[in-house]
Amino acid sequence: MANILLVEDDPLISRMLTLRLSLRDHTVTPAENGQEALEMAQASPFDLILMDMHMPVMDGHVATRKLREAGYVGLIVAVTASVMSQESDAAIESGCDNYISKPVGDDFEQQVEALLAAHR
């Protein structure tokens, strides 16, 4: 069971992913944008940050870069609607450890748990 920061500006997606992860006994803390995520991740530890890349206020690329510049070493996984390899590469270049494509599939929970297991 992991403590997960879910950074997602779409409230429907956020609620759906929170429910799915909570059913696997993960604790999920939502954030609506990169600025909130930055503040929350610096205030308390998370086992995983699931970071949407395209959000208002501060996007996931900027938030991830700022976290890494501040010395954050935790697991950050981009959750991106773009299936283009350029977007995935950009997320990794920003400091994400990996990525999950949207729309998330039936194997979303298994993807999250595999990423957590590999990072431990």
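Observations on the structure shown:
- So Ala37, is it in contact with a strand residue (DSSP E or B) (Cβ under 7 Å, 6 or more places away or on another chain), open to solvent by less than 80 Å² (accessible area, probe 1.4 Å) and over 21 Å from Met1 (Cα atoms): no
- Within the range 73-88, the set of residues being at pLDDT 95 or above and of a type outside the set (Val, Ile, Thr) comprises Gly74, Leu75, Ala78.
- Evaluation of Ala63 against the conditions (1) farther than 22 Å from Asp106 by Cα; (2) touching a His at 6+ places or on another chain (Cβ under 9 Å); (3) in contact (Cβ under 8 Å) with a residue 40 or more places away in the chain shows that the sole unmet condition is (2).
- Top-ranked residue of the range 9-34 - restricted to ones that are out of contact with any Gly (no Cβ under 7 Å at 6 or more places or on another chain) and open to solvent by less than 10 Å² (accessible area, probe 1.4 Å), ranked as nearest to Ile100 (Cα to Cα): Leu17
This table checks each residue for (1) more than 11 Å from the chain's Cα centre (by Cα); (2) among the hydrophobic types (A, V, I, L, M, F, W, C); (3) at pLDDT 95 or above.
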{"residue": "Val7", "(1), (2), (3)": "no, yes, yes"}
{"residue": "Leu12", "(1), (2), (3)": "yes, yes, yes"}
{"residue": "Met16", "(1), (2), (3)": "yes, yes, yes"}
{"residue": "Asp47", "(1), (2), (3)": "no, no, yes"}
{"residue": "Val57", "(1), (2), (3)": "yes, yes, no"}
{"residue": "Glu69", "(1), (2), (3)": "yes, no, yes"}
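- For beta carbons closer than 7 Å, sequence separation of 6+ or different chains, a first residue in the range 79-90 that is among the aliphatic types (A, V, I, L, M) and a second that is at pLDDT 80 or above and part of a loop (DSSP other than H, G, I, E, B), the qualifying pairs are Val79/Lys102; Ala81/Lys102.
- Note on the range 67-120: among residues that are under 20 Å from Ala41 (Cβ atoms) and of a type in the set (Phe, Trp, Tyr), the one that is most open to solvent (accessible area, probe 1.4 Å) is Tyr99.
- Taking residues in the range 12-38 that are without any contact (Cβ under 8 Å) to a residue 24 or more places away in the chain, and partners anywhere that are open to solvent by less than 70 Å² (accessible area, probe 1.4 Å), the pairs with Cβ atoms closer than 7 Å and at least 6 places apart or on different chains are Ser14/Leu6; Ser14/Glu8; Thr18/Leu6; Thr18/Val28; Ser22/Val28.
- Residue count for the range 23-82 satisfying the condition of being outside any loop (DSSP other than H, G, I, E, B) and either over 15 Å from Glu113 (Cα atoms) or of a type in the set (Val, Ile, Thr) (or both): 32.
- Qualifying positions in the range 83-108 - farther than 23 Å from Ala2 by Cβ and assigned to a loop (DSSP other than H, G, I, E, B): Val83, Met84
- The C-beta contact set for the range 95-120 (first residue on the phi < 0 side of the Ramachandran plot and without any contact (Cβ under 8 Å) to a residue 12 or more places away in the chain, second residue hydrophobic (A, V, I, L, M, F, W, C) and open to solvent by less than 30 Å² (accessible area, probe 1.4 Å), distance under 7 angstrom, 6+ apart or interchain) comprises Gln111/Ile100.
The values are calculated or read from the model by the stated rules, or taken from the named source; none is laboratory data. Because the structure is predicted, anything quoted here is derived from the model rather than measured. Cβ atoms come from the backbone with ideal geometry, glycine included; neighbour counts cover every protein chain shown. Quick note on the areas: whole protein, heavy atoms, side chains included, nothing else; ligands and nucleic acids left out. Shrake-Rupley method; radii C 1.70, N 1.55, O 1.52, S 1.80 Å.
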